[in-house]
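Q: My questions will all concern the structure given below.
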Amino acid sequence: MSQRTVYCQKLKQQLPGLDAPPFNNATGGHIYNNISEQAWDMWLAHQTMLINEYRLNLIEQSTKDFLDTEREKFLFENKEEKPPGYTE
């Protein structure tokens, strides 16, 4: 059985896609159809860094809204930003 591939809008090439949409909504379907597994893994690492650096509370709606915006910028707009003063 061959793995499905997608043209990844983040990495600009045909790559293995996700096994399932990451969310059960239109956003999840959009990501499933347009983002590779590799790019999604990159987003998860970036999201973890944002949560840790900004000490985000995942229960708060403002955090969810912030991460939704940052995810869109990271995956589709190529505008990801590191927190001020962040060093790897």
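The values are calculated or read from the model by the stated rules, or taken from the named source; none is laboratory data. Treat the numbers as computed from the prediction; the structure is a model and nothing was measured. Quick reminder, even Gly has a Cβ in these numbers, built from the backbone with ideal geometry, and neighbours come from all protein chains shown. When the accessible area is computed, the model is the full protein with side chains, heavy atoms only, and any ligands, DNA or RNA have been set aside. Shrake-Rupley method; radii C 1.70, N 1.55, O 1.52, S 1.80 Å.
Q: Could you check the spin-label model distance between ASN52 and ASP68? Points 7 Å from the Cα along Cα→Cβ, value in nm.
A: Between ASN52 and ASP68, the simple spin-label model gives 2.7 nm.
Q: Still on this structure, please answer the following. Diagonalise the Cα gyration tensor of the chain and give the resulting equivalent ellipsoid semi-axes, square root of 5 times each eigenvalue, largest first, whole Å.
A: After diagonalising the Cα gyration tensor, the semi-axes are 25, 15, 11 Å.
Q: Further, regarding this structure: Of the peptides 58-67, 7-16, 21-30, 79-88, how do they stack up when ordered by the mean number of other Cβ atoms within 10 Å, highest first?
A: Result, highest mean first: 7-16, 21-30, 58-67, 79-88.
Q: Hey, which aspartates and glutamates would be in cross-link range of LYS79, C-alpha to C-alpha under 12 Å, not counting anything within fewer than 8 residues on its own chain?
A: Once the sequence-local aspartates and glutamates are set aside, what remains near LYS79 is GLU70.
Q: Let me ask another. What lysines sit close enough to LYS64 to cross-link, taking a C-alpha to C-alpha distance under 18 Å and skipping anything fewer than 8 places away on the same chain?
A: Cα-Cα hits under 18 Å: LYS73, LYS82.
Q: Protein chains only, probe 1.4 Å: how do ARG71, ARG4, ARG55 rank by accessible area, largest first? If you can, show how the numbers build up before the last one.
A: Numbers: ARG71 25, ARG4 75, ARG55 200 Å².
Largest accessible area first, the list is ARG55, ARG4, ARG71.
Q: Right, another one. Nothing charged except the Cβ atoms of Lys and Arg (+1) and of Asp and Glu (-1): what's the magnitude of the dipole of the chain about its Cα centre? Round to the nearest 20 debye.
A: About 200 debye.
Q: Sticking with this one: Would you calculate, for the chain, the mean residue ellipticity at 222 nm contributed by helices, counting each DSSP H stretch of 4 or more residues as -39,500 (n - 2.57) and dividing by all residues, to the nearest 500?
A: It lands at -14000 deg cm²/dmol.
Q: Please find the FRET efficiency linking TYR7 to GLU81, where r is the Cβ-Cβ separation and R0 is fixed at 30 Å, and quote it to the nearest 0.05.
A: After rounding, the FRET efficiency stands at 0.75.
Q: Related question: If we count every other residue with Cβ under 15 angstrom of VAL6's Cβ, Lys/Arg +1 and Asp/Glu -1, where does the sum land?
A: 0
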